[in-house]
Every structure is written in C-alpha cells, then in structure tokens.
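See below for the structure under consideration.
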C-alpha cells in the first residue's frame, strides 16, 4: 500500500462536462448581449432598471451578476476555479463597476490586453 498517495475520493474534483464548461464560460456573455439588445424592454418591464441608465448599463449590470453566478456555480459543481475565468471576473467587476458608477460606457468597452 502506497502511503505517499494524496489523492483520495474526497479531494478529487468531479469530472466536468465540456458542455457545462462551455455554458458557464459563454453564458454571461450571451446574457450581456441579450440584456443590451433588449434593455429598453427590460427597463419597461422592471422600472428599477431605469435607474441604471441606457441599454449598455443594463447589459453591464446583467453581465456582472451573471459572471458572479457563473463562477459560484463553477466552484460548487467542480470544486475548482480556473484562473482565466477568475481574471475575467476581476476585470468585468472593476470595469463594469466603473461603467455603472461613472455612467461612462467607455470602461466596459475597453479590452484589457
């Protein structure tokens, strides 16, 4: 019996479906585009969204929330967070927060490369 083995069933991450991974990574972007496209209708249906401003600001708020939910689901389902989605979450929250706070859509349109 090998006593040096550190992998046990308790600390192994469950296998992730490629489709689930794809949905968790691309889902927030789809939500952003939908919220940005239908921002006026969303603001009419939910008047509290009018306080955010135009369609781009509604889309930004939806993107920020969707990214947080996506990362939380990823952690819950896989017990692991990949580094690139975490970096993306950081930039979305920083630039999205600046966009909403300063009411300047320039920040969400920046591509940090």
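Can we say residue 89 is touching a helix residue (DSSP H, G or I) at 6+ places or on another chain (Cβ under 6 Å), assigned to a loop (DSSP other than H, G, I, E, B), within 23 Å of residue 16 (Cβ to Cβ) and without any contact (Cβ under 8 Å) to a residue 40 or more places away in the chain? So residue 89 does not fit the description; no.
Look at residue 35 and say whether it is surrounded by 13 or more Cβ atoms within 10 Å (Cβ to Cβ) and in contact (Cβ under 8 Å) with a residue 12 or more places away in the chain.
Values: surrounded by 13 or more Cβ atoms within 10 Å (Cβ to Cβ): yes; in contact (Cβ under 8 Å) with a residue 12 or more places away in the chain: yes.
In short, yes.
Here residue 45 clears all of (1) more than 19 Å from the chain's Cα centre (by Cα); (2) at pLDDT below 90 except the condition numbered (2). Does residue 81 qualify as being in a helix (DSSP H, G or I) and surrounded by 12 or more Cβ atoms within 10 Å (Cβ to Cβ)? When the stated conditions are applied, residue 81 does not pass them. Of all residues in the range 1-31, those satisfying the criterion of being more than 22 Å from residue 61 (Cα to Cα) and either at pLDDT 85 or above or assigned to a helix (DSSP H, G or I) (or both) are 18, 19, 20, 21.
The values are calculated or read from the model by the stated rules, or taken from the named source; none is laboratory data. Here the structure is a predicted model, which means the values were calculated and not measured. Cβ sites come from the backbone with ideal geometry, for glycine too, and all protein chains shown count toward neighbours.
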